[in-house]
Amino acid sequence: ACTGIENIDEAITLLEQNNWDLVAAINGVIPQENGILQSEYGVETLHGPAYGPTSHSTAASSTPSSSSAFRHVVPSRQIVERQPRMLDFRVEYRDRNVDVVLEDSSTVGDIKHILENELQIPASKMLLKGWKTGDVDDSTVLKSLHLPKNNSLYVLTPDLPPPSSSHSGALQESLNQNFMLIVTHREVQREYNLNFSGSSTIQEVKRNVYDLTSIPVRHQLWEGWPSSATDDSMTLAVSGVTFPCHRLTVGRRSSPVQTREQSEEQCTDVHMVSDSDGDDFEDATEFGVDDGEMFGVASSALRKSPMMPENAENEGDALLQFTAEFSSRYGDCHPVYFIGSLEAAFQEAFYGKARDRKLLAIYLHHDESVLTNVFCSQMLCAESIVSYLSQNFITWAWDMTKEANRARFLTMCTRHFGSVVAQTIRTQKTDQFPLFLIIMGKRSSNEVLNVIQGNTTVDELMMRLMAAMEIFSAQQQEDIKDEDEREARENVKREQDEAYRISLEADRAKREAQEREMAEQFRLEQIRKEQEEEREAIRLSLEQSLPPEPKEESTESVSKLRIRTPSGEFFERRFLASSKLQVVFDFVASKGYPWEEYKLLGTFPRRDVTQLDPNKSLLEVKLYPQETLFLEAKE
């Protein structure tokens with residue numbers, strides 16, 4: 001639809017050459033100077049680059065009510081065939097980048113001749129690398145390589161000696177230096193002092209200025225960049241800015257709509273109008289997007305979400321949202337924020353063992369401060385700061401943007417640190433935020449060691465953290481010594497208490513054993529008495545139930561039994577021969593020898609009478625007319 005190419009294979013080939021980047025593929029086929037806009041009112045010629053995420057300028061539109069930032073581009077076959085296609089090359093050689101623009105009818109050798117003038121290197125000594133196709137020589141026509149519009153190459157010079165080590169050392173030293181850029185915002189006449197390392201790029205500077213001034217990178221008009229700063233990807237160390245301080249001025253371009261002649265006039269200085277980076281569609285309304293959708297995404301999605309909900313009931317939930325939003329804005333490399341109330345953070349930092357205690361760092365965020373984005377992205381998220389905080393601090397955060405959250409923190413601050421500290425924070429202006437409070441716990445109170453404002457550098461922030469850590473370490477050593485002495489005293493007391501407890505336990509155990517023994521003896525005696533009483537009752541009962549002893553002159557058959565006890569005593573009794581053997585057993589039991597415990601044995605023949613049927617008569621069991629028996633205890 002955009003290019004008029006109907007051959008599917010040709011279209012797929014172009015997309016593959018551009019790594020499936022649709023906009024790059026379209027720009028590679030249609031020269032941007034001759035793109036055609038199709039509007040609902042007719043067809044009009046677009047002077048300047050076509051719209052797209054990587055466009056460097058904007059174009060006028062005759063339909064301001066359109067809800068999309070893009071229009072369908074319909075190519076003119078006749079125009080495409082009449083004018084040559086232009087190719088952009090970025091060529092890297094050691095620490096330099098050279099931009100080359102050629103028609104696709106040129107050859108590789110033409111590129112080398114241009115580089116020969118720029119780099120002062122003979123073309124015969126150059127090896128031009130980075131081609132996506134196979135073998136390429138100086139006579140190869142660029143059009144035959146089917147290249148995308150934007151290309152990256154690099155030059156190798158194996159036959160030339162490397163640059164002197166002194167130059168490399170100086171460059172490395174410059175990369176490690178910190179540059180102070182004093183940026184004046186022209187419209188509001190305000191200065192910003194920004195610190196950047198030498199390894200930072202010009203593009204990074206412009207992005208940070210956007211955070212401070214809300215001027216998108218594409219709309220920034222700059223003054224003061226050195227003539228050698230020809231590329232936004234250049235680092236400050238090689239851009240030619242003055243060390244240690246360099247002054248710049250930035251303003252907003254008067255109107256996003258430019259004629260081709262105005263655009264060419266402003267581009268005489270490459271940094272007067274900054275290149276678009278593809279991420280700067282914040283001012284989408286200037287492209288005809290009016291609270292609608294841009295690329296299918298609602299414009300409200302471009303606004304920042306609050307760091308913390310207003311009037312949050314639970315501080316832990318508020319900190320969870322703060323951490324998630326912080327990560328989405330500044331990346332995952334950031335301090336580990338404690339999730340919980342401020343009181344819980346105190347407990348974690350101050351009330352453990354002396355060796356485990358840490359300093360408490362409270363980060364106070366404010367979205368309306370011009371320093372917040374720079375402080376968070378360059379200082380608070382620096383790896384050295386993140387590592388040092390995680391090792392030595394418990395970090396707690398709060399958002400002061402909303403008035404309700406601000407008042408809530410000031411109330412907490414008054415309760416924990418006193419009215420003086422609360423008043424100090426209350427009087428801080430918005431542009432002095434963010435704040436970083438360093439708190440040290442003491443025996444009776446919490447002391448604020450330092451209040452760090454947002455207008456600082458990474459080195460200064462690290463130095464102040466280390467200074468607070470030195471004070472804390474000295475106090476911690478004293479606390480460890482006191483704690484060790486106290487634990488030693490408590491150990492001695494515990495050992496004495498333990499020895500005394502063991503002695504008491506031994507005495508109590510001995511006394512309890514004696515009491516148990518006496519109780520057992522008493523219990524056994526009671527049982528014995530009860531058993532004796534029970535035996536006596538049984539004996540008397542049996543004695544009373546015995547039939548009367550028959551007389552010697554009785555006319556009935558009488559059996560005379562003589563019984564010997566285990567102690568050697570004898571007792572005799574007469575029984576009727578017709579009496580049952582059970583009567584004999586009852587008689588023996590009445591004398592204190594129950595047949596359950598004793599057995600009654602006969603002599604000749606030896607037999608166990610207790611094993612006989614007790615219902616048989618004495619005559620039947622042959623205990624007639626007389627018999628001698630003896631008692632023996634059962635096993």
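Listing for the model above:
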item	result
When residues of region 599-608 are limited to those that are modelled with pLDDT of 90 or more and of a type outside the set (D, E, K, R), the one farthest from the chain's Cα centre (by Cα)	LEU601
Per-region count, region 435-457, residues under 26 Å from the mean Cα position of the chain (by Cα) and closer than 18 Å to LEU410 by Cβ	4
Neighbours by Cβ (under 6 Å, 6+ apart or cross-chain): first from region 417-429, within 17 Å of GLN453 (Cα to Cα); second open to solvent by 30 Å² or more (accessible area, probe 1.4 Å) and of a type outside the set (Lys, Arg)	VAL421/VAL448; ALA422/THR414
Residues that are open to solvent by less than 50 Å² (accessible area, probe 1.4 Å) and closer than 12 Å to ARG564 by Cα, drawn from region 614-635	GLU627, LEU629, PHE630, LEU631
Residue ranges of helices (runs of 4 or more DSSP H) in region 368-431 with at least 1 members farther than 17 Å from ARG464 by Cα and either of a type outside the set (Phe, Trp, Tyr) or assigned by the TED database to the domain that holds GLU204 (or both)	403-417, 419-426
LYS481 vs. criteria out of contact with any strand residue (DSSP E or B) (no Cβ under 8 Å at 6 or more places or on another chain) and either more than 30 Å from LEU449 (Cα to Cα) or modelled with pLDDT of 95 or more (or both)	no
Enumeration of residues in region 94-106 that are within 16 Å of SER239 (Cα to Cα) and in contact with an Asp or Glu (Cβ under 9 Å, 6 or more places away or on another chain)	ARG96, ASN97, VAL98, ASP99
Which listed residue is at pLDDT below 85, of a type outside the set (Phe, Trp, Tyr), buried (at least 17 other Cβ atoms within 10 Å of the Cβ) and touching a Pro at 6+ places or on another chain (Cβ under 7 Å), from ASP280, ASP275	ASP280
Unmet requirement for LEU364, which otherwise passes all of (1) touching a helix residue (DSSP H, G or I) at 6+ places or on another chain (Cβ under 6 Å); (2) closer than 30 Å to THR184 by Cα; (3) at pLDDT 90 or above	(1)
Lone qualifier among GLU348, GLU343 - being of a type in the set (D, E, K, R), at pLDDT 85 or above and buried (at least 16 other Cβ atoms within 10 Å of the Cβ)	GLU348
Some residue of region 397-409 being free of Cβ contacts under 8 Å to residues at least 40 places away in the same chain and under 20 Å from the mean Cα position of the chain (by Cα)	no
Whichever residue in region 561-597 is within 12 Å of PRO547 (Cα to Cα) and of a type in the set (Phe, Trp, Tyr) and, among such residues, is nearest to the chain's Cα centre (by Cα)	PHE587
Residue check, PRO335 part of a loop (DSSP other than H, G, I, E, B), surrounded by 15 or more Cβ atoms within 10 Å (Cβ to Cβ) and modelled with pLDDT of 85 or more	yes
Number of the exception - SER328 against (1) at pLDDT 50 or above; (2) open to solvent by 30 Å² or more (accessible area, probe 1.4 Å); (3) of a type outside the set (A, V, I, L, M, F, W, C); (4) not assigned by the TED database to the domain that holds GLU403	(4)
Every residue from region 617-635 that is more than 24 Å from PRO550 (Cβ to Cβ), among the acidic types (Asp, Glu) and not in a loop (DSSP other than H, G, I, E, B)	GLU632
Enumerated strands (runs of 3 or more DSSP E) restricted to region 170-228, each holding at least 1 residues that are in contact with a Phe, Trp or Tyr (Cβ under 6 Å, 6 or more places away or on another chain)	178-185, 190-197
Looking only at region 593-613, and only at residues there that are closer than 21 Å to LEU540 by Cβ and of a type in the set (D, E, K, R), the one that is surrounded by the most Cβ atoms within 10 Å (Cβ to Cβ)	GLU597
Some residue of region 214-224 being outside the structural domain of GLU368 (by the TED database), within 24 Å of CYS376 (Cβ to Cβ) and surrounded by fewer than 19 Cβ atoms within 10 Å (Cβ to Cβ)	yes
LEU410 modelled with pLDDT of 85 or more, open to solvent by less than 40 Å² (accessible area, probe 1.4 Å) and under 30 Å from GLU478 (Cα atoms)	no
Filtered residues of region 4-33 (kept if part of a loop (DSSP other than H, G, I, E, B) and open to solvent by 30 Å² or more (accessible area, probe 1.4 Å))	GLY4, ILE5, GLU6, ASN7, ASN19, TRP20, ASP21
Among (1) surrounded by 16 or more Cβ atoms within 10 Å (Cβ to Cβ); (2) free of Cβ contacts under 8 Å to residues at least 40 places away in the same chain - the single one SER590 does not satisfy	(2)
Leading residue by the ranking (nearest to the chain's Cα centre (by Cα)) among those in region 134-159 that are among the polar types (S, T, N, Q) and assigned to a loop (DSSP other than H, G, I, E, B)	THR157
Filter result (open to solvent by less than 70 Å² (accessible area, probe 1.4 Å) and either modelled with pLDDT of 85 or more or in contact with a helix residue (DSSP H, G or I) (Cβ under 7 Å, 6 or more places away or on another chain) (or both)) within region 294-320	MET294, SER299, SER305, PRO306, MET307, MET308, PRO309, ALA312, GLU315, GLY316, ALA318, LEU319
Residue list for region 138-155, restricted to those being at pLDDT below 85 and exposed (fewer than 14 other Cβ atoms within 10 Å of the Cβ)	none
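The values are calculated or read from the model by the stated rules, or taken from the named source; none is laboratory data. Every value quoted in this text rests on a predicted model; they were computed, and no experiment measured them. All Cβ positions, even for glycine, are placed from backbone atoms using ideal geometry, and neighbour counts span all protein chains on display. Ligands, DNA and RNA are stripped out before the accessible areas are found, and what is left, the full protein with its side chains, is counted by its heavy atoms. Shrake-Rupley method; radii C 1.70, N 1.55, O 1.52, S 1.80 Å.
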